[in-house]
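One structure is given below, encoded as structure tokens.
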Amino acid sequence: MDKIMDAFFKSMNCHGLLIADSKGIVIQVEDYSKDFYGMKSSELLGKSVYEMEKEGLFSPSAVAIVLQTGKETNLIQKVKSGIEVIVTAFPMLDEDGAISKVVTFTRDISEYSRFRNMYERLMKKIDQYNQTIDELAYKETIIEDFHTDNRAFQQTLRSMQIVAKYDVNILLQGETGTGKTLLARKIHNLSRQK
């Protein structure tokens, strides 16, 4: 039966099982405890989950929550080794409906957390690349019709490409022959109102 349960835990990415009595005293624990808590399973037997939480072996205590609420709970727990685990804890009731034991299953999610962080960093990079590509595309579009070494006019062209994205009125002023009509066409071509 133990081999079947071990196979079941592995298939669910569970690293074991901890059972506590109605007072929160550990009465059974699998051998995975050394990896998470830095203690052998034999050292955990007979310990109170309240003591273990105070000692920093884990936080928060899923067993304590179940004993307090009387309901099943799922939570992310920080363990002594520094990793995060998902703990599922549920009460086992006696004939009178009182909690006789609390059973917990633990799943290591450190790999999931690492992948989630990598994914978030990757998405930020993609956003940065997309923004750079957009800026380069607009810059290239503007350069097709306008060639200048004048830094002030280059800044005006950059401002024009940014403003062209929005539905706003733009007033172009200047003397005759300075290219207002050409700028107006370029703004229109860059806008969404083509």
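The values are calculated or read from the model by the stated rules, or taken from the named source; none is laboratory data. Computed from a prediction, not measured in an experiment: that's the story for all the values here. FYI the Cβ positions are ideal-geometry reconstructions off the backbone, even for glycines, and counts take in every protein chain you see. In case anyone asks, the SASA skips ligands and DNA or RNA and just uses the protein heavy atoms, side chains included. Shrake-Rupley method; radii C 1.70, N 1.55, O 1.52, S 1.80 Å.
Please pick out the residue among TYR129, TYR119 that is open to solvent by 70 Å² or more (accessible area, probe 1.4 Å), under 30 Å from LEU57 (Cα atoms) and at pLDDT 80 or above. Walk me through it before giving the result.
On the way: TYR129 fails: under 30 Å from LEU57 (Cα atoms).
Among TYR129, TYR119, only TYR119 is open to solvent by 70 Å² or more (accessible area, probe 1.4 Å), under 30 Å from LEU57 (Cα atoms) and at pLDDT 80 or above.
In a strand (DSSP E or B), open to solvent by 20 Å² or more (accessible area, probe 1.4 Å) and modelled with pLDDT of 85 or more: does that describe LYS71?
Values: in a strand (DSSP E or B): no; open to solvent by 20 Å² or more (accessible area, probe 1.4 Å): yes; modelled with pLDDT of 85 or more: yes.
When the stated conditions are applied, LYS71 does not pass them.
What pairs come up if the first residue lies in segment 138-167 and is at pLDDT 70 or above, the second is of a type in the set (Val, Ile, Thr) and open to solvent by less than 70 Å² (accessible area, probe 1.4 Å), and their beta carbons are under 7 Å apart, counting only those six or more places apart or on different chains?
Qualifying pairs under 7 Å: GLN154/THR148; LEU157/ILE142; MET160/ILE187; GLN161/ILE142; ALA164/ILE187.
What is the number of the single condition among (1) at positive phi; (2) surrounded by 17 or more Cβ atoms within 10 Å (Cβ to Cβ) that GLY97 does not meet?
Only one criterion is unmet by GLY97, namely (2).
For ILE86, state whether it is touching a residue at least 12 places away in the same chain (Cβ under 8 Å), out of contact with any helix residue (DSSP H, G or I) (no Cβ under 6 Å at 6 or more places or on another chain) and within 22 Å of VAL26 (Cα to Cα).
Numbers: touching a residue at least 12 places away in the same chain (Cβ under 8 Å): yes; out of contact with any helix residue (DSSP H, G or I) (no Cβ under 6 Å at 6 or more places or on another chain): yes; within 22 Å of VAL26 (Cα to Cα): yes.
Criteria met by ILE86.
Do we find that GLU95 is charged (D, E, K, R) and modelled with pLDDT of 85 or more in this structure? Write out each step before concluding.
Numbers: charged (D, E, K, R): yes; modelled with pLDDT of 85 or more: yes.
When the stated conditions are applied, GLU95 passes them.
Can you tell me which residues in segment 145-194 are within 19 Å of GLU135 (Cβ to Cβ) and outside any helix (DSSP H, G or I)?
PHE146, HIS147, THR148, ALA164, LYS165, TYR166, SER191, ARG192
For segment 42-59, give me each residue that is open to solvent by 20 Å² or more (accessible area, probe 1.4 Å) and either in a helix (DSSP H, G or I) or within 22 Å of GLU111 (Cβ to Cβ) (or both). Let's see the steps before the verdict.
Of all residues in segment 42-59, those open to solvent by 20 Å² or more (accessible area, probe 1.4 Å) come to 42-43, 45-47, 50-51, 53-56, 59.
Residues satisfying the conditions are SER42, GLU43, TYR50, GLU51, GLU53, LYS54, SER59.
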